[in-house]
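Reading through the C-alpha cells given below for one structure.
The values are calculated or read from the model by the stated rules, or taken from the named source; none is laboratory data. Please read all numbers here as calculations on a predicted model, not as lab measurements. In this analysis, Cβ positions are derived from the backbone assuming ideal geometry, glycine residues included, and neighbour counts consider all displayed protein chains.
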Amino acid sequence: MKVLVIGKGGREHAIIQKLMQSPRVDKLYCAPGNAGIGEHAACAGISLSDHNALADFALSEGIELTIVGPDNALAEGIVDVFESRGLKVFGPNRRAAEIESSKVFSKALMKKYKIPTAEYEAFDSAEAAIAYLDKCKYPIVLKADGLALGKGVLICQNHEEAVSGVRAIMQERQFGSAGDRLVIEEFLTGREVSVLAFCDGTYIKPMTSAQDHKRSHDGDKGLNTGGMGTFSPTPFYTDELDDYCRRMIYQPVIDAMRAEGRPFTGVLFVGLILTPEGPKVLEFNARFGDPETQVVLPRMKNDLVDVCEACIEGRLNEIKLEFEDNAAVCVVLASEGYPGEYKTGYVIRGLEAFKDSNMSDKRDYYIFHAATKKVGNSFVTDGGRVLGVTAIGSDLKEARRKAYEAASHIDFDNKYMRTDIGKAIDEA
Ligand code: AMP
Ligand code: GLY
C-alpha cells in the first residue's frame, strides 16, 4: 500500500521509520518532509497549509492511507478536507482537534465531565481577567486559548507578573488571535508524564508512557522549547496510576467527546501531572508528541498501519497494543541559541556510522532528522532542533548511556544538547 505522512519534523521521521517496518507498505511519501525523511520516502514540496493541494497529491498518487503529524494542519481541518474527497486519513477532524486548539474548550469539557484537572476560570476580556487576578493565590498559570507554538503558557509568581502576562497575551497580542481568550489556572506541582493513546471515536488504547524535557538547559533551567529530549517508559507512571487514568481520564474523555458530537479519532496526547492528590490533566494534544514519538514508536511491536486502520474503521477494540520490554532515550541535538536566535547551514558529520543500523528492523539506534537539508552529498543543519538521537537499551540507564554515546559521534558547528536527558530516573 502507498502511505503518505504529512509533516516535516523528527516526529514525522519516527512515523516514517515505523512504517518502513510494515510488510503492508510498498511505498512511502511525505509532504513536505525533510532531508533525512527523503532517504526513505518520496517527499513532495507542498505547504502544510494547502490542504487541497495535499489532497490533490494524495489522489493523483493513489495514496491509500495518510497520517497527519502537526497540530496546525489538524486544527485547520486537513482531515475534513481529505475525508470529503474520499481519502482514508488518520487524525481528528477540526471539531475534535479543538481539544488541543482551544484551551477554553478542553477545560470546559473536563469540568463538565469531571475529569481531574487544575481549577480555572476563562476570560474573553483583559479587564475581566485583570480584575480576577486580585483574588488569586500565587503562583498562577496563564494560558492563551489557541495554538501558540508551545509558548502560550505563562507561570506567574506574583500579581504584577500576572497583570503584565495578561496584557502581553490579550492586549499586545503576543500570540495573535490565540490570545483572544485566556484561561487562568491553579498552579500544580508534581512530575509530568506524557501518555499517547490511539482512539477510534469510541475506544482508547494508551501506549507506553514517556517523559519530556521542555526547558533548554540542564536541571530544567532556561527557556521552554519544543522538547530537548525524552525517555520511555517513565518509572513514575506505575500500573496503579495507569489503571486510575484509564478509569478516570482516558475513557471518560473519549466518552465526553462522543457525547459532545465530536468523536475523537487519531492519537490523543495526554499531558499529566502527578500531584499529591493524584494525576491531573495539564493539557490534551490532538496528535503524536514531538519528541515523545521518537521514544514510543521504536518500542511498539504492532504494525502502525494495522492500528491506524483499526482507528479509522472504528475497530480499535480488536487490537492488542504491545510494547517491547525495553527502554528508549532520545537526545535532541540543537543549534546553539535555540529557542532564541541561532545560525544554520553547518555540515553534519558522523551520520555514516549509523547508516547500517538505520536499515535493520530491530535495532539499537535511530537518527531522526528534525531540521536538515541536503547540500550536495552532505546533510546540513536547517533549524533549531536538528536531530533526535534515540537509543534502545534493556533499561533506561543503558538506553541513556547509548544515546549519549551515539550523540557524541555526530557533530556540527554550534551543536548543543542537554546532558541530563533521562537523569530523573536515578531518583526512581
Ligand atoms: P501546557 O502546554 O498546557 O502543557 O503547558 C506547558 C507547561 O507549563 C507544562 O508542561 C507544565 O510544565 C506547565 N504547566 C501548565 N499548566 C500548569 C499548571 N496548572 N501548574 C503548573 N505547571 C503548569
Ligand atoms: N513534546 C510536547 C508536544 O509535542 O507538544
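If you go through the stretch 320-353 one residue at a time, how many are among the aromatic types (Phe, Trp, Tyr) and under 10 Å from Phe412 (Cβ atoms)?
So the answer is 1.
Residues to consider are Leu19, Leu65, Leu48, Leu54; find the one that is hydrophobic (A, V, I, L, M, F, W, C), under 23 Å from Phe264 (Cα atoms) and in contact with a Ser or Thr (Cβ under 9 Å, 6 or more places away or on another chain).
Sole residue among the options that is hydrophobic (A, V, I, L, M, F, W, C), under 23 Å from Phe264 (Cα atoms) and in contact with a Ser or Thr (Cβ under 9 Å, 6 or more places away or on another chain): Leu54.
Output the number of the condition that Ala197 fails; it satisfies all remaining conditions of (1) at pLDDT 95 or above; (2) under 20 Å from Gly388 (Cα atoms); (3) within 16 Å of ligand 2 (Cβ to nearest atom).
(2)
Of all residues in the stretch 320-354, which are within 18 Å of Gly388 (Cβ to Cβ), surrounded by fewer than 16 Cβ atoms within 10 Å (Cβ to Cβ), touching a residue at least 60 places away in the same chain (Cβ under 8 Å) and small (Gly, Ala, Ser)?
Gly350
Can you work out which of the residues in the stretch 202-222 that are part of a loop (DSSP other than H, G, I, E, B) and within 13 Å of ligand 1 (Cβ to nearest atom) is surrounded by the most Cβ atoms within 10 Å (Cβ to Cβ)?
His213
When you scan the stretch 251-272, do you find a residue that is within 16 Å of ligand 1 (Cβ to nearest atom) and either over 21 Å from Arg95 (Cα atoms) or hydroxyl-bearing (Ser, Thr, Tyr) (or both), even just one?
yes
Tell me whether the stretch 171-183 contains one or more residues that are β-branched (Val, Ile, Thr) and out of contact with any Lys or Arg (no Cβ under 6 Å at 6 or more places or on another chain).
Scanning the stretch 171-183 turns up no residue that is β-branched (Val, Ile, Thr) and out of contact with any Lys or Arg (no Cβ under 6 Å at 6 or more places or on another chain).
Taking the stretch 279-315, which residues are among the aromatic types (Phe, Trp, Tyr) and more than 19 Å from Lys8 (Cβ to Cβ)?
Phe284
So if I check each of Arg191, Arg181, Arg173, which one is more than 16 Å from ligand 2 (Cβ to nearest atom), modelled with pLDDT under 95 and either of a type outside the set (Phe, Trp, Tyr) or within 18 Å of Ile273 (Cβ to Cβ) (or both)?
Arg173
Could you grab me the full set of residues in the stretch 36-74 that are closer than 20 Å to Val386 by Cα, surrounded by fewer than 23 Cβ atoms within 10 Å (Cβ to Cβ) and not small (Gly, Ala, Ser)?
Glu39, His40, Cys43, Leu48, Pro70, Asp71
Take the residues in the stretch 223-254 that are buried (at least 19 other Cβ atoms within 10 Å of the Cβ) and assigned to a loop (DSSP other than H, G, I, E, B), then tell me which one is nearest to ligand 2 (Cβ to nearest atom).
Ranking the qualifying residues of the stretch 223-254, first place goes to Gly227.
Being surrounded by 19 or more Cβ atoms within 10 Å (Cβ to Cβ) and not small (Gly, Ala, Ser) is the filter; apply it to the stretch 168-187 and report the residue that is farthest from ligand 1 (Cβ to nearest atom).
It comes out as Met170.
Residues in the stretch 333-344: is at least one hydrophobic (A, V, I, L, M, F, W, C) and more than 16 Å from ligand 1 (Cβ to nearest atom)?
yes
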